[in-house]
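The values are calculated or read from the model by the stated rules, or taken from the named source; none is laboratory data. Every value quoted in this text rests on a predicted model; they were computed, and no experiment measured them. A quick note on method: Cβ atoms are made from the backbone with ideal geometry, for glycine too, and the neighbour counts reach across all protein chains shown.
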Amino acid sequence: IEDISCDGVGPIFVEHKIFGSMKTSIEFPTAESLDSFVVRICERIGRPVSPRRPIVDASLPDGSRLNVVFGGDVSRRGTNFTIRKFSKIPMSVTQLVKFGTLDSKMAAYLWIMLEHGMSMFICGETASGKTTTLNAITVFIRPTAKIITIEDTPEVYIPHPNWVSEVTRRGESESSSIELFDLLKSALRQRPNYIIVGEIRGREGNVAFQAIQTGHPVISTFHAASMQKLIQRITGDPINIPAAYVDNLNVVVFQSSVKSPKTGKFERRVTGICEIIGIDPVEKSYNFIEIFSWDPVTDKHNFRGVGNSYLLEYKIAPMKGLSPSDARKIYNELELRSYIIDKLVEMNVMDYYDVYAALSKIYDNPYIADMNFDPFTMKAVDKLLKEGAK
C-alpha cells in the first residue's frame, strides 16, 4: 500500500502498488468522529490543527507523510487527510529493472553519470515514482562519497556511511523557520561530493544551480512533464535561473505513470532520459539530446546514444583518459555495466542494501569497470558480484 486517503465522511481509500485505487471497508460515519481522529493524530505528532490553522503537512513517527485539511471552511466535504506510506527499506534499482520501470542499459547510463559527478533532475507528475527512482539510483554514487540530503519530509535513505540528512523546520515565526534555501546554503560549506534535494520547488532552485556551478553536483526531483516545461519553470519565477546557467544541469530523467500495453494496468515507467547541451545563441533555444525513450506500443526502452551522447563522449570519456579518437570506447563500459545490472537481476539480488554491497565490490576493484566488455571481464565480474551479494 502506497497511500491511504480519506476524502471526508465515508470510506477510506488506499492506493495499492499492483491493484491501484481500492475502496476499503473502513469508514468514518460522522464528521465528529473524523474531526476527533484528525485532531488526536495531529496533537500526537506535535502539529495541532484547528479552524485557524486548517492545513498540516507533517511526518508520522514511522516516516510516512501526513497531509490534513481540517474543517468545512476550506474543504466542501469537511476534513480530509492523506497518508503517503514510508518504506524503511527503499526499492532497489534491480527491482525497478525487474518491474520494467527502466532497463539495465538505462541503469548503467545513470550509474556512469552519478559516478562521474553529473547533476540530474528526475521529473514527472505527482505519484509517478520520482523519489523511489532517486532513492534506488543512489547506490551508484561512489561508496566513499560524502552525501548531504536536504528535504522537507525525510524520504531519501542513503546506504553510504558518510551521509548527512537535513530537514526543514517550521517555526512560529519566519526567523525561527529553517527552509530548503537555508539548508542548501549551509550544505555548500560542508564539502559534499553530492547534494540530494528531495524536491526543488522555489528559490532553493537558484542556490542548487549555484552549487552545481561551483562544482557540487546536485540530484533532485522536480515537477515537469517535458523539457519545455522544465526550462519554463527553472527560468521563471520563483527559481529564476539565468539562461546561460541551464546547461549546468546535465541529465533529465522523465518518469510517468502509464497504462501498460501488456497488462492494461497503470505502471511506472521512465519515459525518457535527456542530456542538456546548452543554449543556441542565435535561435535563443535550448539544445538537448534524447538518449533514451520509451515505446508505449511494445513497452520497451530504446537507447539512442551510441555515437550520439555528448556527456559520455565529450565529458566523461576525457575524465577516464580516453583521447577524442578513442572516446567511443566508453560505450564498451556502458555495455559492461548493463551486464552487471542484468547479472544482479538474474541472481535475484533485490534488496537495496545487498545491491549496494555488490556494487561496492565493483568499486573496490575499479580496474574491472575500466575494462572492455569481454568474456574475461565478465567472468571476473561474476565472481565479485557473488562475493558482494553474500
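Here is a yes/no grid of residues against (1) part of a strand (DSSP E or B); (2) farther than 24 Å from ASP247 by Cβ; (3) without any contact (Cβ under 8 Å) to a residue 24 or more places away in the chain; (4) among the hydroxyl-bearing types (Ser, Thr, Tyr):
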site	(1), (2), (3), (4)
GLU283	no, no, yes, no
SER293	yes, no, yes, yes
ASN332	no, yes, no, no
LYS361	no, yes, no, no
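Got a number for residues in region 259-308 being under 22 Å from the mean Cα position of the chain (by Cα), under 15 Å from LEU249 (Cα atoms) and of a type outside the set (A, V, I, L, M)?
4
Please state which one of GLU267, GLU275, GLU199 is under 20 Å from LEU110 (Cβ atoms), in a loop (DSSP other than H, G, I, E, B) and not aromatic (Phe, Trp, Tyr).
Only one candidate passes the filter, namely GLU199.
When you scan region 369-379, do you find a residue that is in a helix (DSSP H, G or I), at pLDDT 75 or above, closer than 22 Å to ARG328 by Cβ and not assigned by TED's automatic domain parsing to the domain that holds PRO159, even just one?
Checked region 369-379: no residue is in a helix (DSSP H, G or I), at pLDDT 75 or above, closer than 22 Å to ARG328 by Cβ and not assigned by TED's automatic domain parsing to the domain that holds PRO159.
Looking only at region 211-233, which residues are buried (at least 17 other Cβ atoms within 10 Å of the Cβ) and either among the small types (Gly, Ala, Ser) or without any contact (Cβ under 8 Å) to a residue 60 or more places away in the chain (or both)?
Of everything in region 211-233, those that are buried (at least 17 other Cβ atoms within 10 Å of the Cβ) and either among the small types (Gly, Ala, Ser) or without any contact (Cβ under 8 Å) to a residue 60 or more places away in the chain (or both) turn out to be ALA211, HIS216, SER220, ALA224, ILE231, ARG233.
Could you grab the pairs with beta carbons closer than 6 Å, sequence gap of 6+ or different chains, first residue in region 143-165 and outside any strand (DSSP E or B), second one β-branched (Val, Ile, Thr)?
From region 143-165, the pairs are ASP152/THR168; PRO154/VAL167; GLU155/THR131; VAL156/THR149; VAL156/ILE196; ILE158/THR138; ILE158/ILE147; HIS160/ILE147.
Quick one: which residue in ASP57, ASP62, ASP73 is surrounded by fewer than 18 Cβ atoms within 10 Å (Cβ to Cβ), of a type in the set (Asp, Glu) and part of a strand (DSSP E or B)?
ASP57
I want to confirm something. Restricting to region 1-38 and keeping residues that are in contact (Cβ under 8 Å) with a residue 24 or more places away in the chain and assigned to a helix (DSSP H, G or I), which single residue is farthest from the chain's Cα centre (by Cα)?
Applying the filter and picking the extreme gives ALA31.
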